[in-house]
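Scroll down for the structure; my scribbles are underneath it.
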Amino acid sequence: MKPSDHTPIMRVRDLTKTFPVASSGLDRVRGLPAKSVKALTGVSLDLLRGETLGIVGESGCGKSTLARCLVRLYDADSGTLEYDGTNVLGLRGKNLRSYNRRVQMVFQDPFSSLNPRMTVGQVLNEALAVHRLRSSREIPGRIQELLELVGLPKDASERLPHEFSGGQRQRIGIARALSVEPETLIADELVSALDVSVQAQVVNLLLELQERLHLTVMFVAHDLRLVRHISHRVAVMYLGRIVELSSTEKLFSSPEHPYTQALLRAAPDLDPSRKNTLEAVHGELPSPLNPPSGCAFHPRCPKAFERCTLEVPKLEARGLEGHESACFLYEPSSKFKLNLNLLEKP
């Protein structure tokens, strides 16, 4: 992979998102306040032009919610989102459509994201017609170009989605996203629903397309091996926050946050004969309805101390240069230097 040019194309600052939860009849009788799920609680990151940024974490940590907020499928509650210097959260009408063309999303489930009653040609024609990127005369030729680009046969345009395998349907999803000539792709669990043998083919296709079309990619996944293979940098999420952000090489060789260390210890080995039976992290992910005080990871962290229960650590450079983590174990002040003695190698 070629390195990015280090220019942020997308800036996210303190992004939050909650989802209301329907109150029970008993709660209403008691006059209890309405509950809400805190899906994102202050996410900040930069997406660099030309890079692949991996987003990892356990199920329920907010990865997919973040992806959907970035393409405006969900409206964030607060925070800022800028793309190429433009405030995305304030966009409406044709300006929002323009942004949606520049930033496209490929969904996890390649079957449910495609209209089962439309042929592949109709799916691609719809995207091209809505954004008026080609004249009606040019659209058939462009559809054939897109099919060839993602490795699908010419007659695919006349067939329905159910006639294809899972890997082929994901290629259709990629072709649909590329049909509007985006600059950035957000891939939400792109291959998690596919067989292992097919995953590599789709990931390699994505890498080829990134190189050929000069794409910026955000790759949301829970498989650390795939993220390591495809990403320039990696952001680790836990309960709606980013707890560590670094270059892929540094994060996998010298993880700082205890949560990242635990995930890497439990990651499956590339050698299938050596099965890893370690659980990712001890205990269960806390409920986003009632997240813990202080650092959200402290109830499961073997290295937690009193400050972790009281304060929320900010994501900032603490240990390695260019390596950000949200953990008081790496607090540079002398008051907390002794906590470094608690660290264990992953």
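The values are calculated or read from the model by the stated rules, or taken from the named source; none is laboratory data. Being a predicted model, the structure only gives us computed values, none of them experimental. Counting neighbours? That spans all protein chains shown, and the Cβs are built from the backbone with ideal geometry, glycine included.
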**OP:** Go through Arg265, Arg212 for me and flag whichever is assigned to a helix (DSSP H, G or I) and modelled with pLDDT under 90.
**Re:** Arg265
Subject >> Filtered residue count, the stretch 173-199, keeping only those that are closer than 20 Å to Val103 by Cβ and not in a helix (DSSP H, G or I) >> reply: 12
Original post:
With respect to Val234, is the statement that it is assigned to a helix (DSSP H, G or I) and surrounded by 19 or more Cβ atoms within 10 Å (Cβ to Cβ) true?
Top reply: no
Original post:
Do we have any residue at all in the stretch 219-226 that's under 29 Å from Thr18 (Cβ atoms) and either modelled with pLDDT of 95 or more or assigned to a strand (DSSP E or B) (or both)?
Top reply: yes
Original post:
Does Val130 meet the test of being farther than 22 Å from Leu207 by Cα and either among the β-branched types (Val, Ile, Thr) or at pLDDT 90 or above (or both)?
Top reply: yes
Subject >> helices (runs of 4 or more DSSP H) fully within the stretch 30-134 counting 3 or more residues that are surrounded by 17 or more Cβ atoms within 10 Å (Cβ to Cβ), in contact with a helix residue (DSSP H, G or I) (Cβ under 7 Å, 6 or more places away or on another chain) and without any contact (Cβ under 8 Å) to a residue 60 or more places away in the chain >> reply: 120-131
Original post:
Does the stretch 98-108 contain at least one residue that is within 24 Å of the chain's Cα centre (by Cα) and more than 18 Å from Gly173 (Cα to Cα)?
Top reply: yes
Original post:
Given (1) of a type in the set (Asp, Glu); (2) under 15 Å from the mean Cα position of the chain (by Cα); (3) within 17 Å of Ala177 (Cα to Cα), where does Glu211 come up short, assuming only one miss?
Top reply: (2)
**OP:** Would you confirm whether any residue within the stretch 317-326 is at pLDDT 80 or above, within 26 Å of the chain's Cα centre (by Cα) and part of a loop (DSSP other than H, G, I, E, B)?
**Re:** yes
**OP:** Output the residues belonging to the stretch 141-153 that are surrounded by 15 or more Cβ atoms within 10 Å (Cβ to Cβ) and farther than 19 Å from Glu208 by Cβ.
**Re:** Arg142, Ile143
Subject >> Members of the stretch 217-246 that are polar (S, T, N, Q) and within 13 Å of the chain's Cα centre (by Cα) >> reply: Ser231
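Yes or no, residue by residue, for (1) under 22 Å from the mean Cα position of the chain (by Cα); (2) farther than 23 Å from Val227 by Cβ; (3) outside any loop (DSSP other than H, G, I, E, B); (4) at pLDDT 90 or above:
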| site | (1), (2), (3), (4) |
| --- | --- |
| Asp269 | no, no, no, no |
| Arg274 | no, no, no, no |
| Leu278 | no, no, no, no |
| Val281 | yes, no, no, no |
| Leu285 | yes, no, no, no |
| Ala296 | yes, no, no, yes |
| Pro299 | no, yes, yes, yes |
| Cys308 | no, yes, yes, yes |
| Lys314 | yes, yes, no, yes |
